[in-house]
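Contents: one structure, followed by commentary.
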Amino acid sequence: MASLRSRIALALIKKKLPEIVAADPVAELEDGLHVAIVGSGSPLPDEKRGNPCVAVIAGGKVYVVDTGESSSETLNRMGIDAGRIELVLLTHFHSDHIGGLGSVNLQRWVADGTDSKMKVLGPPGVEKVVAGFNEAYELDCGYRTAHHGEDFVNPETGAMVAEEFPVPAEGETAVVLEDDGLVVTAFEVDHSPVAPVVGFRFDYKGRSAVISADTVYSENLVKAAKGTDLLIHDALSVELLMMVANASTEAGLTARGSILTDVTDYHATAPQAADAARAAGARALAITHIVPPLPLKGLEEVFLADAPERFDGPLWLAADGDLYSLPPEGGLKRSNLIRRR
Ligand SMILES: [Zn+2]
Ligand SMILES: [Zn+2]
């Protein structure tokens, strides 16, 4: 005999399930440009934040920028149907930005309503990365078609297609996508010694958002982000990361201590992200790719340091699930797609 608690749980889930399964928050969004933070963390394990991934939504279509590990799970938790993914754009090929690419493609492939190969746009190198994921998933695609049938999982569309674009020259930008009123522009940023790395600007119906990718303070970014409604910028706290690095070294974990120390020189700090937002004349700033993890709320102030004094507009530390909505008539609305559910 099932316990009272399990019978109540079963009754509740039966009642809620149709609503959960049919939920499509993207369909409910008003027209405009929407930016959803899927993963706001970094490669360092962080129970609150996934690896980097941003979903830009315009005209009911979803454009995914970077696919860190856990991207497809978090998109699912946010209620963003993988079948709505139009394509993926990659900023660079660090593992924390590509680890979830195979899974995002798989979820899109098996989603209702998709019957095309997923395109992956990126700078030189994208073909190698996509070919590698396609090869790694080839057996799995075969199993799924054999099991579920070609009507539901089309063997012709299981593999992704890479589309490479050249990196724009210093100080220049290049349009890499135009789709139903959405214009996506790429520009090079500075994450040296890693190259190529590009950021993206999205323009739709008079509103815009810029995604920095991984970079130190970059004049190229400032130029490309001129007057943007929302700048999404990476940031790292040297003070906090060096505490972790030193503790690692003292605990005898010399490789970890040394690697963490190296990381401090190729990301902006929060004050530098604020400087970039101010110099660009951005209207709002969301800081993401947060390094290191901030397990205590009080550490957020330490992480931001004097960033709020350096930038006049609204400034947020992004969280997984955050949605920034930019309607054509102006303004910015902020909500969270995970907490809303
Ligand atoms: Zn990187
Ligand atoms: Zn990164």
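Quick rundown of the values:
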{"read-out": "Efficiency of FRET from Cβ geometry, His147 and Met243, R₀ 56 Å, rounded to 0.05", "value": "0.70"}
{"read-out": "Sum of -39500 (n - 2.57) over DSSP H runs of 4+, divided by residues of the chain (222 nm, nearest 500)", "value": "-10000 deg cm²/dmol"}
{"read-out": "The chain - charge dipole about Cα centre, Lys and Arg +1 at Cβ, Asp and Glu -1, debye rounded to 20", "value": "1440 debye"}
{"read-out": "Peptides ranked, highest mean first, by Cβ atoms within 10 Å: ranges 137-143, 286-292", "value": "286-292, 137-143"}
{"read-out": "Calculated FRET value between Lys297 and Ala174, using beta carbons and R₀ = 51 Å, to 0.05", "value": "0.80"}
{"read-out": "Helix 126-148 axis, angle to the chain major axis (alpha carbon atoms, nearest 10°)", "value": "20 degrees"}
{"read-out": "Exposure proxy order (Cβ contacts within 10 Å, fewest to most) of Glu86, Glu73", "value": "Glu73, Glu86"}
{"read-out": "Antiparallel %, DSSP beta bridges [both residues in the chain], to 5", "value": "60 percent"}
{"read-out": "12 Å Cα-Cα reach of Lys333 towards aspartates and glutamates, excluding residues that sit fewer than 8 places from it in its own chain", "value": "Glu30, Asp229, Asp322"}
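Coordinate-derived values only; no laboratory data. Everything quoted here is computed from the prediction, not taken from an experiment. We place every Cβ from the backbone using ideal geometry, glycine too, and count neighbours over all the protein chains shown.
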